[in-house]
Amino acid sequence: MKKKKANPVQGAKGGDGTAKEEAAAAVCRKEGGEAEKQPKAQAEPAEQPESPANPEQPEIVEAQSETAQTPEQPETAEPAEAAECSEMAEQIPLEENQSEPELNEEPDEDLDEESSLPPLTPEQQAEEERRRADITRTVQVSIEQIMEAASQDSAEMPNSTQAEQDEPSDDSEETEEKITSGNALRRAAAQLLRWLLLVAAIVAVIAGAGFYWLYQQATPDMIPAITVTFDGHPVQPASYHWRVPVAGNRIKRTYKDTVNAKPVALGQTVEKAGPELSVTPSDLRTELTVKDAEGQTLFEGTAQQFRAYRFEQNGDYTARLVVSNAQTYAGEAAVTGSQTYDLTFTVNIRPTVRLNTQSVSQGGVAALIVSGVQDDTEPQLTTQLPATEFYQGTRNWVAYLPIAVDTEPQDYTIRVQTGDYTQSLTLKVRARTESYRDYTSKSQLTKPYVGPEDTPQEVLDLLDKTEETLHWTDTGFSSPFTKSMTVALPYGTTEYLNRTRAEKTKGQGSGRTSINAVLSGSCDLVAPAAGRVLLARDLKGTGNTLVIEHGAGVKTIFYGLKSLSVKEGTLLTRGEKIAVTGKSTIAEVRIGQTPVEPLAVLRGQCDALKNY
């Protein structure tokens with residue numbers, strides 16, 4: 001028993017390493033199963049009973065000691081693993097050594113006891129050394145195995161799932177089949193996707209080539225060719241913006257440019273109050289805006305509406321015309337866009353002077369029309385023919401030239417001045433067809449009769465009286481007789497009394513020429529046109545006499561009426577009853593002082609007395 005108690009003492013002298021090794025071995029046995037058994041098997045020779053002493057024992061012990069000192073090492077542990085296990089072996093005893101102060105509390109008895117122990121025999125010493133060597137080798141082998149197992153576990157851990165899948169089982173076979181099927185489907189889907197991408201690429205290339213071809217076909221030649229003229233002068237566009245279809249109405253090629261940033265000045269001065277604006281083709285949309293020098297808008301509308309517009313003053317103007325071509329039918333591929341024209345122009349209107357006819361017969365009437373006057377200044381007329389003053393009508397200035405029945409047939413010059421502008425015209429007077437009657441007896445002369453010398457003074461006093469308003473312009477003239485009347489003596493007929501044969505042959509002789517028309521018959525008399533009654537009374541020599549002023553010095557005069565239905569000063573309308581005719585009634589029309597052919601006027605056949 002005392003021999004067993006000495007082991008701790010021996011451990012205190014040189015067995016600290018042994019105790020630490022045993023503790024490490026215990027830890028290793030606890031962490032690994034197989035590593036626990038192998039050290040025990042290797043340590044069993046240390047517990048065998050001592051063999052009997054014999055003379056050869058020292059050699060055996062020495063041999064064993066050498067064997068113990070150089071034990072077989074099945075595998076050489078890597079330095080890193082050995083160091084790790086050694087570190088573990090050093091850490092564990094340190095915790096146990098925390099109780100060393102308690103062991104050292106009774107040092108005296110143990111030391112005395114140890115010192116009293118007899119020294120070890122060579123056999124015991126060899127056995128002790130062999131035991132220590134076995135323990136050291138066991139610890140080393142255990143550490144190596146632990147490290148190797150740990151290394152294998154860490155290396156095989158990522159492949160554990162694959163190892164489980166590799167284990168033969170029914171589930172693994174089904175899983176493998178599913179995986180194989182899934183892989184096949186994925187490969188087929190990938191191949192189909194690649195095929196679709198290839199097809200899409202080919203289609204894209206073909207579509208791109210086709211689109212490029214269509215795009216190149218959308219040329220400027222498809223843009224409408226537009227021609228614009230203003231007052232007869234061509235106008236160039238300031239800018240344009242057109243869209244030519246490439247693929248229907250969704251994709252179009254755009255052509256646009258600004259040709260002139262500023263308005264273009266028209267080449268010549270506009271001399272007409274109503275300049276003509278022409279746009280070709282005529283089916284295009286047009287929007288025109290005209291402004292004066294101050295920027296005030298004078299006109300807005302289409303080119304067609306501009307035809308009725310008249311400039312009222314001379315000056316500088318600007319105009320913008322937008323011509324566009326919009327799509328007319330839904331879904332129809334058409335060129336759309338617009339073209340803009342900006343221009344400036346100067347209006348210096350020359351009045352337009354004209355005659356309603358270039359020739360007129362004796363007893364007829366000519367009308368002189370002046371248009372385009374920019375102010376209210378009345379034009380001035382100079383001529384050898386009798387003429388009225390200028391009267392301002394609805395659109396123009398008008399003067400009337402009555403041609404007396406005895407006017408010399410020839411060309412007459414008419415000169416009109418408006419402001420600084422003077423224009424000359426020529427009017428040809430033609431001889432009327434000769435109408436005459438020859439009588440042998442004075443009793444054969446037409447009665448009643450009112451010649452130039454027979455006109456009552458009351459009527460002569462009214463011939464210069466006029467009204468500014470042209471009453472007839474709205475409705476014109478119409479026949480005043482409600483029944484058919486017989487013309488007993490036409491206007492311009494000459495009645496001869498007792499002419500000789502020579503005078504008849506030469507067309508000579510003295511006679512009287514009618515300045516009015518004598519009609520027979522009885523009927524109600526109505527107003528031939530609107531006007532004002534200047535005279536309505538019974539006069540000596542002419543009986544019931546009626547004088548109506550229709551405006552501009554145009555008067556209708558009736559002699560020999562049976563009765564009068566109106567009074568002086570009455571404003572008449574056309575067709576209103578004014579009197580009743582007698583058996584013979586004289587109808588006369590005068591313009592100013594000059595009598596003209598009455599029946600042409602009363603029947604509405606005189607072109608001059610129309611609306612100008």
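Against the numbered list (1) open to solvent by 80 Å² or more (accessible area, probe 1.4 Å); (2) outside any strand (DSSP E or B), Lys428 comes up short only at (2). A single entry from Val322, Val290 fulfils the requirement of being in contact with a helix residue (DSSP H, G or I) (Cβ under 9 Å, 6 or more places away or on another chain), open to solvent by less than 50 Å² (accessible area, probe 1.4 Å) and closer than 16 Å to Asp342 by Cα: Val290. Report yes if Asp538 is closer than 17 Å to Leu602 by Cα and surrounded by fewer than 19 Cβ atoms within 10 Å (Cβ to Cβ), otherwise no. Here the answer is no, as Asp538 does not meet what is asked.
Provide a single number: the residues in region 387-398 that are of a type outside the set (S, T, N, Q) and not in a loop (DSSP other than H, G, I, E, B).
Keep residues of region 387-398 that are of a type outside the set (S, T, N, Q), which gives 387, 389-391, 393, 395, 397-398.
Within this subset, residues satisfying the condition of being not in a loop (DSSP other than H, G, I, E, B) are 391, 397-398.
Of the residues in that region, 3 qualify.
Checking each residue in region 238-257 for being open to solvent by 30 Å² or more (accessible area, probe 1.4 Å) and within 15 Å of Leu321 (Cα to Cα) picks out Ser239, Tyr240, His241.
Run down Thr440, Thr433, Thr455 and say which single residue is buried (at least 17 other Cβ atoms within 10 Å of the Cβ) and under 26 Å from Tyr491 (Cα atoms). Can you show your working first?
Working: Thr440 fails: buried (at least 17 other Cβ atoms within 10 Å of the Cβ); Thr433 fails: buried (at least 17 other Cβ atoms within 10 Å of the Cβ).
Result: Thr455 is the single residue among Thr440, Thr433, Thr455 that is buried (at least 17 other Cβ atoms within 10 Å of the Cβ) and under 26 Å from Tyr491 (Cα atoms).
Residue pairs whose Cβ atoms lie under 6 Å apart, sitting 6 or more positions apart in sequence or on different chains, and linking a residue in region 350-363 that is at pLDDT below 90 to a partner that is crowded, with 19+ Cβ neighbours inside 10 Å and not in a loop (DSSP other than H, G, I, E, B), are Pro351/Val370; Pro351/Thr418; Thr352/Ser371.
Residue by residue, here is whether (1) modelled with pLDDT under 95; (2) hydrophobic (A, V, I, L, M, F, W, C); (3) closer than 19 Å to Pro402 by Cα holds:
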residue: Ala517; (1), (2), (3): no, yes, yes
residue: Val526; (1), (2), (3): no, yes, no
residue: Leu535; (1), (2), (3): no, yes, no
residue: Asn544; (1), (2), (3): no, no, no
residue: Ile548; (1), (2), (3): no, yes, yes
residue: Ala552; (1), (2), (3): yes, yes, yes
residue: Leu561; (1), (2), (3): no, yes, no
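You will find that of Ser142, Ser181, the residue that is surrounded by 10 or more Cβ atoms within 10 Å (Cβ to Cβ), modelled with pLDDT under 70 and more than 30 Å from Phe345 (Cα to Cα) is Ser142 and no other.
Residue-wise test of (1) part of a loop (DSSP other than H, G, I, E, B); (2) at pLDDT below 95; (3) farther than 28 Å from Gln268 by Cβ; (4) open to solvent by 50 Å² or more (accessible area, probe 1.4 Å).
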position	(1), (2), (3), (4)
Gly295	yes, yes, no, no
Phe311	yes, yes, no, no
Tyr329	yes, yes, yes, yes
Phe345	no, yes, no, no
Gln374	yes, yes, no, no
Thr377	yes, yes, no, yes
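So in region 273-283, with the set limited to residues that are crowded, with 17+ Cβ neighbours inside 10 Å and in contact with a strand residue (DSSP E or B) (Cβ under 8 Å, 6 or more places away or on another chain), which one is nearest to Thr336 (Cα to Cα)? Among residues in region 273-283 that are crowded, with 17+ Cβ neighbours inside 10 Å and in contact with a strand residue (DSSP E or B) (Cβ under 8 Å, 6 or more places away or on another chain), the one nearest to Thr336 (Cα to Cα) is Val279. In region 212-244, of all residues being part of a loop (DSSP other than H, G, I, E, B) and β-branched (Val, Ile, Thr), the one that is modelled with the highest pLDDT corresponds to Val235. Among the numbered criteria (1) aliphatic (A, V, I, L, M); (2) modelled with pLDDT of 75 or more; (3) open to solvent by less than 80 Å² (accessible area, probe 1.4 Å), which single criterion is violated by Ala163? (2) is the only condition that Ala163 fails. Here Lys583 meets the list (1) assigned to a strand (DSSP E or B); (2) crowded, with 16+ Cβ neighbours inside 10 Å almost entirely, failing just condition (2). Which residue is nearest to Thr475 (Cα to Cα), if the candidates are limited to region 571-580 and must be over 60 Å from the mean Cα position of the chain (by Cα) and surrounded by fewer than 16 Cβ atoms within 10 Å (Cβ to Cβ)? Taking the candidates together, the pick is Glu576.
Answer with yes or no whether Val370 is in contact with a Ser or Thr (Cβ under 8 Å, 6 or more places away or on another chain), open to solvent by 30 Å² or more (accessible area, probe 1.4 Å) and part of a strand (DSSP E or B). So Val370 does not fit the description; no. Is it true that some residue in region 544-554 is touching a strand residue (DSSP E or B) at 6+ places or on another chain (Cβ under 6 Å), open to solvent by 10 Å² or more (accessible area, probe 1.4 Å) and more than 23 Å from Leu470 (Cα to Cα)? Yes, that holds for at least one residue.
Of all the residues in region 245-272, those that are more than 14 Å from Gln339 (Cα to Cα) and assigned to a strand (DSSP E or B) number 9.
Rundown of residues vs (1) in a loop (DSSP other than H, G, I, E, B); (2) within 59 Å of the chain's Cα centre (by Cα); (3) farther than 26 Å from Pro595 by Cβ, yes/no style:
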residue	(1), (2), (3)
Thr357	yes, yes, no
Ala366	no, yes, no
Leu385	yes, no, no
Tyr400	no, yes, no
Glu408	yes, no, no
Thr413	no, no, no
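Residue check: is Asp420 charged (D, E, K, R), over 22 Å from Leu602 (Cα atoms) and open to solvent by 80 Å² or more (accessible area, probe 1.4 Å)? Against the criterion (charged (D, E, K, R), over 22 Å from Leu602 (Cα atoms) and open to solvent by 80 Å² or more (accessible area, probe 1.4 Å)), Asp420 qualifies. Which of the residues belonging to region 460-514 are outside any loop (DSSP other than H, G, I, E, B), open to solvent by 70 Å² or more (accessible area, probe 1.4 Å) and closer than 27 Å to Ile591 by Cβ? Listed by number, the list holds a single entry, Thr486.
Taken together, the residues in region 384-404 that are open to solvent by 30 Å² or more (accessible area, probe 1.4 Å) and either under 26 Å from Trp472 (Cα atoms) or of a type in the set (A, V, I, L, M, F, W, C) (or both) amount to 6.
Here Ile591 fulfils each of the conditions (1) under 19 Å from Leu385 (Cβ atoms); (2) out of contact with any Cys (no Cβ under 7 Å at 6 or more places or on another chain); (3) open to solvent by 10 Å² or more (accessible area, probe 1.4 Å) apart from (3).
The values are calculated or read from the model by the stated rules, or taken from the named source; none is laboratory data. Note that the structure is a prediction, hence the values are computed from the model and not measured. Glycine also receives a Cβ, built like all others from the backbone with ideal geometry; neighbour counts cover every protein chain displayed. Note: accessible area is taken over every heavy atom of the protein model, side chains too, but ligands, DNA and RNA are not part of it. Shrake-Rupley method; radii C 1.70, N 1.55, O 1.52, S 1.80 Å.
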